[in-house]
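Below is one structure, written out as structure tokens, with a few remarks after it.
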Amino acid sequence: MKQQEFERRHESEWSAFEQLLGGWERAGRTRRTAAAAGVEEFPARYRRLCQQLALARDRDYATNLCDRLNSLVLRGHQHLYQTRAGIWSRVADTAAIRFPGRVRIEARLFWLAAVVLYLPMTAMAVVVLESPDMVYAVFEPEEVVRLEQMYRPDADHWGRERGSDSDFMMFGHYIHNNIGIGFRTFASGLLFGLGSLFFLTFNGVHLGAVAGHLMNAGSAQPFFSFVIAHGAFELTAIVLAGMAGLKLGLALIAPGRLTRRRALREAARESVVIVYGMVAMLVLAAFVEAFWSSTTTVPAALKYAVGAGCWMLVGAYFLLLGRSRGPR
């Protein structure tokens, strides 16, 4: 059976199962809710879903379809075999299963957001390298001077305007700054996705201008050894914020058979786990930036090695976590 026919035959069943799970989760998974909303037929529906997941994998159907079914199976497994999970169990479930699984399901939006961030970044870096004065099209002269001071090879700490700031103070500053960028990029998706596209492009252009100018100024090593580790978490989180914002915008542009309000509500419900993960990654990025990236006492080679490990860790997290060889 072709994948299109398989999806057409079972889509209504999957959607109904997903709505049932969503209703239970919004109600807090209480026993009263389970008893009142489809619990009797739930085990049979769960078994059919497990069989459909096994068929999809055996027939090598598209990854996004297998990930969607796998996510439903794992969510259903929790409702079938657990009564009420504690808060830490739910946090672990979100971090290990729901967050990476949802990102894989929305992989096309992820890659679109990544291109909108990284393409302007790369292009602007090349432009500034070839025409150094172009940095002033993005930054005021005073801001350029501050950048050069922050990444002087002989600075006490890199990425800071004042060497007297403590690591803990900078940790709080980075959290405030990072989460502000993330939420602006996400929430502006309500402008039919245009706001998210703007902030992704805006941040890409600014980061590219900084990179190009500091390479021209002879501060390439301080800058790249500073950003490589926390950038794995921070830049990926910005892409995720843009992806979630684009999902909101897409719901408004193409709601399908739903009303725009209903489509937006469903998109927001599916995106909330991405927003949780995005915030956690930005906090982690702030911690690394404050306590590791800014130090000048660690050799650059070690910083590059740790940074490469961070990027591989992020890639492995989203590619591998939340998968299972088969339903338990």
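The values are calculated or read from the model by the stated rules, or taken from the named source; none is laboratory data. These numbers come from a predicted model, not from an experiment. Cβ placement follows ideal geometry from the backbone for every residue including glycine, while neighbour counts extend to all protein chains displayed. Note: accessible area is taken over every heavy atom of the protein model, side chains too, but ligands, DNA and RNA are not part of it. Shrake-Rupley method; radii C 1.70, N 1.55, O 1.52, S 1.80 Å.
Tabulated values for the structure
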read-out: Which listed residue, of V298, V306, is free of Cβ contacts under 8 Å to residues at least 12 places away in the same chain, over 13 Å from the mean Cα position of the chain (by Cα) and under 24 Å from N178 (Cβ atoms); value: V298
read-out: Which numbered condition L302 fails, given (1) crowded, with 19+ Cβ neighbours inside 10 Å; (2) out of contact with any strand residue (DSSP E or B) (no Cβ under 7 Å at 6 or more places or on another chain); value: (1)
read-out: Residues that are of a type outside the set (D, E, K, R) and surrounded by 16 or more Cβ atoms within 10 Å (Cβ to Cβ), drawn from the stretch 5-25; value: F6, H10, W14, F17, L20, L21, W24
read-out: Output for the stretch 20-62, where each listed residue is among the polar types (S, T, N, Q) and at pLDDT below 85; value: T30, T33
read-out: Qualifying residue in the stretch 154-175 (condition: part of a helix (DSSP H, G or I) and small (G, A, S)); value: yes
read-out: Single match in D156, D167, D133 (criterion: within 24 Å of F287 (Cβ to Cβ) and open to solvent by 60 Å² or more (accessible area, probe 1.4 Å)); value: D156
read-out: I175 in contact with a Leu (Cβ under 6 Å, 6 or more places away or on another chain) and of a type in the set (A, V, I, L, M, F, W, C); value: no
read-out: Neighbours by Cβ (under 8 Å, 6+ apart or cross-chain): first from the stretch 310-322, closer than 16 Å to W111 by Cα and open to solvent by less than 40 Å² (accessible area, probe 1.4 Å); second among the hydrophobic types (A, V, I, L, M, F, W, C) and modelled with pLDDT under 95; value: F318/V103
read-out: Elements of type helices (runs of 4 or more DSSP H) contained in the stretch 177-296, each with 1 or more residues being open to solvent by 20 Å² or more (accessible area, probe 1.4 Å), touching a Pro at 6+ places or on another chain (Cβ under 9 Å) and under 23 Å from V116 (Cα atoms); value: 194-216, 260-288
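Let's see how each residue does on (1) open to solvent by 50 Å² or more (accessible area, probe 1.4 Å); (2) on the phi > 0 side of the Ramachandran plot; (3) modelled with pLDDT of 85 or more:
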position: N64; (1), (2), (3): yes, no, no
position: Q78; (1), (2), (3): no, no, no
position: Q82; (1), (2), (3): yes, no, no
position: F99; (1), (2), (3): no, no, yes
position: A113; (1), (2), (3): no, no, yes
position: T122; (1), (2), (3): yes, no, yes
